[in-house]
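Worksheet: the structure to be examined is printed underneath.
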Amino acid sequence: MVDKEAMEEAISNISDLVDNSPCIGVCYYNEYDYCIGCKRHEREVIDWYDYTDAMRQGILKDLKTRRVDV
């Protein structure tokens with residue numbers, strides 16, 4: 001038997017993570033492995049959901065001034 005409350009909480013947690021992702025759906029990486037869409041490094045994209053909230057917030061802050069060349 002599936003615990004409906006636990007399932008709804010898990011779905012909510014996943015939705016929060018997706019909503020807080022800087023991804024804009026333009027996933028093209030330059031020669032330095034930075035996405036030209038969201039400006040994250042390939043490792044930041046891959047590890048995004050493994051990071052703590054503090055780590056994600058730090059990256060989001062850095063993205064405001066990060067410049068990524070095509």
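Any read-out appearing in this document is the output of simple, stated calculations on the displayed coordinates, not a laboratory observation. Here the structure is a predicted model, which is why all the values come from computation and not from measurement. Cβ coordinates were reconstructed from backbone atoms using ideal geometry, including for glycine residues, and neighbour counts include every protein chain displayed.
What the table below lists for this structure:
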{"read-out": "FRET E, pair Y28, D50, Förster distance 25 Å, beta-carbon r, rounded to 0.05", "value": "0.60"}
{"read-out": "Listed peptides 40-53, 57-70 by packing density, highest first (mean Cβ within 10 Å)", "value": "40-53, 57-70"}
{"read-out": "For region 51-65, 3J(HN,Hα) per residue [Karplus equation, 6.51 cos²θ - 1.76 cosθ + 1.60, θ = phi - 60°, Hz, x = Gly/Pro]", "value": "6, 6, 4, 5, 5, 4, 5, x, 5, 4, 5, 4, 5, 4, 10"}
